[in-house]
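Quick note: the coordinates plus some simple rules give every number you see, no bench work behind them. All values reported here derive from a predicted model rather than from experimental measurement. Glycine gets a Cβ as well: all are built from the backbone with ideal geometry, and neighbour counts include every protein chain shown.
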Amino acid sequence: MIRIESVTKRYPDGTVAVDRLSLEIPDRAITVLVGPSGCGKTTTLRMINRMVEPTEGSILLDGTDIRQQPVNTLRRSMGYVIQHAGLFQHRTILDNIATVPRLLGTPKKEARARAAELMERVGLDASLAKRYPYQLSGGQQQRVGVARALAADPPVLLMDEPFSAVDPVVRKGLQDELLRIQGELGKTIVFVTHDIDEAIKLGTRVAVLRTGGRLAQFAPPADLLSAPADAFVEDFLGADRGIRRLSFFPSVDLQLQTAPVVGIDADAARLAAVSHAPWLLVTDLDGRPLGWSEPERLTAGAIDRERLLDFGRPFVPGTDSLRTALDGAVLSPTGWAVAVDGEGRAVGVVSQQVIGEAIRAAHSRAANGAYADTDVKAVR
């Protein structure tokens, strides 16, 4: 969809923001531009919709140079989302979202109906429609910004650090929402961030830029983590890139143990049968985990919930990655991770040792090309 060919942006004072950048941005995918301050991420994004004009080189949209169409027409064909959402404070949420369709001549009633549909799509309650931006939280405002960018159904969506101004919990929710929306709509998204974790989570492909606007590496996130192009990319990825890479390995093949899982109403015979286990996971009457206990501390019909150890963060086999499973084992005081189903009911437990063996097997399969991009995306 978008091809950047040997593009340079040089300012009158001689500063080079982007230096001979060439990228082929795939259709219906999320391409993330990431790098340190001064690497030309935002400048590159703004050149795509001609908010900044390149000094040299060409940018092609569907094979046509973007300079061959009027700039306003080009910009209206691209959604644009920025930090703090950039909403019109004097307009209601519904009218903010309907802005571009109205500029394109869509009747007010039809534009507002489209805006109401998009509010639901981005997870905004209909009761917020008549409110103003200052009456919304930061996360809600960012959702409005995404909805407004989607209102004219553009094939291209440009996003300039849209989630960087919100807290980590809200940010994760917005990232998940973007992935959900992208799964439904299949837009061509160019996303700028300085956060490598965000780039790895969201990107179909990630472009790492050096200071001065030169491309260091352009690859799928899993390839980036497994084979950094040079020391600069390796340093930028950070010392824990091995842990991050586990996000691309599924947990579906983990060998779970069910014997150490006992209900809070377990009788003496059941407890005796599993008394050899170092730890027992106690569940409530619905099968949801309550905590860990040593077998000798349990007495049939008299399990003390207050004395149970925290079970850490559970994972869902096949849905969550090996990174999530390992995290659950590390957080658990017993060193065992708890596996649950989609309803939160315990389906088994797994030790750090077994997870370690699964990690080694996953590395071997990855080296043989066993994981396709579509497979690893599913377990993030």
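The table below gives the values:
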{"item": "Two-site FRET efficiency, ILE264 against SER22, from Cβ-Cβ distance with R₀ of 51 Å, rounded to 0.05", "result": "0.25"}
{"item": "Length added when fully stretched, ARG307-LYS130, from 0.36 nm per residue minus Cα-Cα", "result": "58.7 nm"}
{"item": "Segment 138-225: relative contact order in percent, alpha carbon pairs under 8 Å with at least 6 residues between", "result": "23"}
{"item": "Overall form of segment 19-60 per C-alpha gyration tensor (a/c, 1.5; a/b vs b/c)", "result": "oblate"}
{"item": "Percent RCO, i.e. relative contact order, over the chain, from Cα pairs under 8 Å lying at least 6 residues apart", "result": "15"}
{"item": "Computed lengthening from LYS109 to SER137, 0.36 nm per intervening residue step minus Cα-Cα distance", "result": "7.4 nm"}
{"item": "All-pairs alpha carbon distance profile, segment 1-160, 10 Å steps from 0, percent", "result": "10, 36, 30, 20, 5, 0"}
{"item": "Length added when fully stretched, VAL274-THR42, from 0.36 nm per residue minus Cα-Cα", "result": "77.6 nm"}
{"item": "Whether segment 31-83 is rounded, prolate or oblate, judged on the alpha carbon gyration tensor where a/c under 1.5 counts as rounded", "result": "prolate"}
{"item": "Cα-Cα separations in the chain greater than 38 Å, expressed as whole percent", "result": "33"}
{"item": "Selected from GLY139, GLY344, GLY369 as most flexible by GNM, with the chain as the system and alpha-carbon contacts under 10 Å", "result": "GLY369"}
{"item": "Pairs of lysines in the chain (C-alpha under 23 Å apart; 8 or more residues apart or interchain)", "result": "12"}
{"item": "Cβ-based exposure ranking for LYS172, LYS130, in which fewest neighbours within 10 Å come first", "result": "LYS130, LYS172"}
{"item": "Peptides 189-197, 326-334 ordered by average Cβ neighbours within 10 Å, highest first", "result": "189-197, 326-334"}
{"item": "Neighbour-count order for THR92, THR211, fewest beta carbons within 10 angstrom listed first", "result": "THR211, THR92"}
{"item": "Taking segment 261-362 and dividing mean pair separation by its residue count, relative contact order in percent (alpha carbons under 8 Å, at least six apart)", "result": "21"}
{"item": "Theoretical ellipticity at 222 nm over the chain - DSSP helices of four or more residues, -39500 (n - 2.57) apiece, nearest 500", "result": "-9500 deg cm²/dmol"}
{"item": "Pairs of Cα atoms farther than 18 Å apart, segment 134-280, %", "result": "69"}
{"item": "Cα-Cα P(r), segment 261-362, percent of pairs per 5 Å interval", "result": "2, 14, 24, 24, 18, 11, 5, 2, 0"}
